[in-house]
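Enquirer: Here it is, the structure in full.
The values are calculated or read from the model by the stated rules, or taken from the named source; none is laboratory data. This one's a predicted model, so the numbers in the text were calculated from it and none came from an experiment. Note: ideal-geometry Cβ built from the backbone for every residue, glycine included; neighbour counts use all protein chains shown.
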Amino acid sequence: MDNEVHDLIGVGIGPFNLSLAALLEDLYEVKSIFFDKKSHFEWHPGMLIVGTRLQVPFMADLVTLADPTNQYSFLNYLAKENRLYPFYFLQRLDIPRREYNDYCQWVANELENCLFGKKVVGLEYIQQEEIFLVKVQDIHTKETMNYKGRNLVLGTGSVPVIPESMKGLPAEDVFHTSEFLDRQKRCREAKSITVIGSGQSAAEVFRELLKEQMDHHYRLNWITRSRSFLSMEESKLSVEQFSPDYVNYFYQFSQEQKDKIFASQDLLYKGISSHTITDIYNLLYEHSVSGEEVDVRLQVLTEVKGIQAKGNEYEILCNQWQQNKEFIHESEVVIVGTGYRPYIPEFIENIKTYIHWDDQGRYRVEADYRLRLDIPNQIYVHSGISHSHGVGSTNLGLAVHRNKVIINHLTGREVFPIYDKNVFQNFDAETF
Ligand SMILES: Cc1cc2nc3c(=O)[nH]c(=O)nc-3n(C[C@H](O)[C@H](O)[C@H](O)COP(=O)(O)OP(=O)(O)OC[C@H]3O[C@@H](n4cnc5c(N)ncnc54)[C@H](O)[C@@H]3O)c2cc1C
């Protein structure tokens, strides 16, 4: 048992809590500690494909949008690595995804309040002392230790989604895009590969496979249920929906209205970046003039109903839903790009009764990112709040804004000023 009572205990050290830990470092009034079950910081390692880029400008680093003078800014990372000049001459805002990961690793290594290789396995609330008891297991020794905290912040992220009809098959042949780099060798040995889904991750995997196809000679297929390989809405005025202003606007609606609005915003986060589509088209075009036998097929309007093993291959049962025509497609490797979903962590089981839930089993979340609770302590939350705070909840830049709000609430003072008007357009009729 660690007898110190922390003001804040963080669970999960992805970018969202890492940003919070960095912003808290010089704030001596808040004693904080953060845990992650991974042995070191890693940001979606299976998708750190060379050539992929962050979908937000580098200014959405861990601290800049809260405090550009903070020592953990991306520019200071470059300075410490003596790479400012190459970056200056690069003249790009969208940094490589591998570089963002490296930058976060640098920050995580600098922060003393971030402990890795520590899995949170249980949580209790001690009513007499008004504190949480957080049970933490060391992933190597398996020893557990209890930590005391007045408040918690949950940043446990999301998990890959594989539809039931595609589960239970050998993991080396049928796998989620999140595992792509771990299984790239298997892809290179395959005779045929099929990518299912048409979100950004599926497109990035398809592009990488297309690049390598001439060297490895597999048949390459891409199937999507969508009516087209749709582009993400990326115009400057569209992305103003990833602003604090839009979060405030969205928050005021009833849950029923929020669910309707959210369902209509697919293309802000589900489509494919236009530069990725351009790369893919350019590669397809180049392949078409190469004179080599290159076998690539792209199929839209087609839902995958199930997958079953057949010899060394898999039969993929497809339905072209507009024509209502079923067909079977065979492939040796199948890569499932069906996205991610938030989840309620198991360790909160013992405190579930203190939390308010909606009729769909989702948290009820206050405007300042606190769970609605029956106890005086706070549980702030980063993950699984799209239903309450909207489409920008998983956006890296908005996470920094969220951390400003959390820190101001936690300290009871305005550590970071919060501005009402940050973008050109109005969402609310009253402010027009
Ligand atoms: C491939 C990919 C690319 C993306 N690119 C962008 C982008 O360019 N721009 C953008 O704005 N958004 C992007 N996103 C969306 C979002 O920014 C990321 O999902 C981001 O990683 C979310 O951060 P997080 O801190 O919530 O969660 P995560 O990064 O998922 O981290 C959660 C952490 O919690 C830990 N954890 C979970 N349970 C426990 C436990 N019980 N005990 C201890 N630790 C635990 C996990 O080990 C993990 O490290 C991307 C998402 C994906 C999947």
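Enquirer: Helices (runs of 4 or more DSSP H) wholly in region 239-290 with at least 3 residues that are of a type in the set (A, V, I, L, M, F, W, C) - which ones? Before you say what the answer is, go through the steps one by one.
Expert: Values: elements: 244-251, 255-263, 274-288.
Because the criterion is at least 3 residues that are of a type in the set (A, V, I, L, M, F, W, C), the helices (runs of 4 or more DSSP H) in region 239-290 that meet it are 255-263, 274-288.
Enquirer: Please work out which one of (1) part of a loop (DSSP other than H, G, I, E, B); (2) touching a Phe, Trp or Tyr at 6+ places or on another chain (Cβ under 8 Å) is the condition Pro376 fails and give its number.
Expert: (2)
Enquirer: For region 76-102, what are the residues that are crowded, with 16+ Cβ neighbours inside 10 Å and aliphatic (A, V, I, L, M)?
Expert: Within region 76-102, Leu78, Ile95 meet the criteria.
Enquirer: Another one. Could you pull out the residue among Asp215, Asp245 that is surrounded by 17 or more Cβ atoms within 10 Å (Cβ to Cβ), more than 16 Å from the ligand (Cβ to nearest atom) and farther than 30 Å from Lys325 by Cα?
Expert: Working: Asp215 fails: surrounded by 17 or more Cβ atoms within 10 Å (Cβ to Cβ).
Selected residue: Asp245, the only one of Asp215, Asp245 that is surrounded by 17 or more Cβ atoms within 10 Å (Cβ to Cβ), more than 16 Å from the ligand (Cβ to nearest atom) and farther than 30 Å from Lys325 by Cα.
Enquirer: If you don't mind, there's one more thing I want to ask. Can you find a residue that is crowded, with 19+ Cβ neighbours inside 10 Å, within 23 Å of His382 (Cα to Cα) and of a type in the set (S, T, N, Q) anywhere in region 59-75?
Expert: Yes; the residues of region 59-75 include at least one that is crowded, with 19+ Cβ neighbours inside 10 Å, within 23 Å of His382 (Cα to Cα) and of a type in the set (S, T, N, Q).
Enquirer: Could you check how many residues of region 1-38 are touching a residue at least 12 places away in the same chain (Cβ under 8 Å) and either charged (D, E, K, R) or more than 10 Å from the ligand (Cβ to nearest atom) (or both)? Spell out the reasoning first.
Expert: Restricting attention to region 1-38, the residues satisfying the condition of being touching a residue at least 12 places away in the same chain (Cβ under 8 Å) are 1-25, 27, 29-38.
From the residues that got through so far, the ones that are either charged (D, E, K, R) or more than 10 Å from the ligand (Cβ to nearest atom) (or both) too are 1-9, 21-25, 27, 29-33, 36-38.
Residues meeting the conditions: 23.
Enquirer: Of the residues that make up region 176-187, is at least one over 30 Å from Leu410 (Cα atoms), touching a Pro at 6+ places or on another chain (Cβ under 6 Å) and not assigned by TED's automatic domain parsing to the domain that holds Ile375?
Expert: Keep residues of region 176-187 that are over 30 Å from Leu410 (Cα atoms), which gives 176-187.
From the residues that got through so far, the ones that are touching a Pro at 6+ places or on another chain (Cβ under 6 Å) too are 176, 178.
Still in the running and not assigned by TED's automatic domain parsing to the domain that holds Ile375: 176, 178.
So far as region 176-187 goes, yes, one or more of its residues are over 30 Å from Leu410 (Cα atoms), touching a Pro at 6+ places or on another chain (Cβ under 6 Å) and not assigned by TED's automatic domain parsing to the domain that holds Ile375.
Enquirer: If a residue has to be within 20 Å of Glu204 (Cα to Cα) and part of a loop (DSSP other than H, G, I, E, B) to count, how many in region 28-50 make the cut? Give the steps one after another, and end with the answer.
Expert: So in region 28-50, the residues within 20 Å of Glu204 (Cα to Cα) come out as 42-50.
Remaining after also requiring part of a loop (DSSP other than H, G, I, E, B): 42-44, 48-50.
Summing the residues that are within 20 Å of Glu204 (Cα to Cα) and part of a loop (DSSP other than H, G, I, E, B) in region 28-50 gives 6.
Enquirer: Residue by residue through region 116-135, note down the ones that are within 15 Å of the ligand (Cβ to nearest atom) and either of a type in the set (Phe, Trp, Tyr) or within 30 Å of Phe175 (Cβ to Cβ) (or both).
Expert: Correct list: Phe116, Gly117, Lys118, Lys119, Val120, Val121, Phe132.
Enquirer: Checking Glu315 against (1) among the acidic types (Asp, Glu); (2) more than 17 Å from Asp173 (Cβ to Cβ); (3) surrounded by 15 or more Cβ atoms within 10 Å (Cβ to Cβ): exactly one of these is not met. Which one?
Expert: (2)
Enquirer: Same structure again: For region 314-362, which strands (runs of 3 or more DSSP E) that fit wholly inside it have 1 or more residues that are within 16 Å of the ligand (Cβ to nearest atom)? Don't jump to the end; show me each part of the working.
Expert: Details: elements: 325-331, 333-336, 340-342.
Per the criteria, 333-336, 340-342.
Enquirer: Out of curiosity, is Tyr354 surrounded by fewer than 20 Cβ atoms within 10 Å (Cβ to Cβ) and touching a strand residue (DSSP E or B) at 6+ places or on another chain (Cβ under 8 Å)? Walk me through how you get there before you give the answer.
Expert: On the way: surrounded by fewer than 20 Cβ atoms within 10 Å (Cβ to Cβ): yes; touching a strand residue (DSSP E or B) at 6+ places or on another chain (Cβ under 8 Å): yes.
Yes.
Enquirer: A further question on this structure: Restricting to region 1-27, count the residues that are of a type outside the set (Asp, Glu), touching a strand residue (DSSP E or B) at 6+ places or on another chain (Cβ under 6 Å) and either in a strand (DSSP E or B) or crowded, with 23+ Cβ neighbours inside 10 Å (or both).
Expert: 10
Enquirer: Continuing with the same structure: Those residues that are assigned to a helix (DSSP H, G or I), away from the ligand (no atom under 14 Å from the Cβ) and out of contact with any Phe, Trp or Tyr (no Cβ under 9 Å at 6 or more places or on another chain), I need them from region 153-209; list them, please.
Expert: Glu164, Ser165, Met166, Gln184, Lys185
Enquirer: Ok, one more. Out of Arg83, Arg53, I need the residue that is of a type in the set (Lys, Arg), more than 8 Å from the ligand (Cβ to nearest atom) and not assigned by TED's automatic domain parsing to the domain that holds Glu204. Which one?
Expert: On the way: Arg53 fails: more than 8 Å from the ligand (Cβ to nearest atom).
The match here is Arg83.
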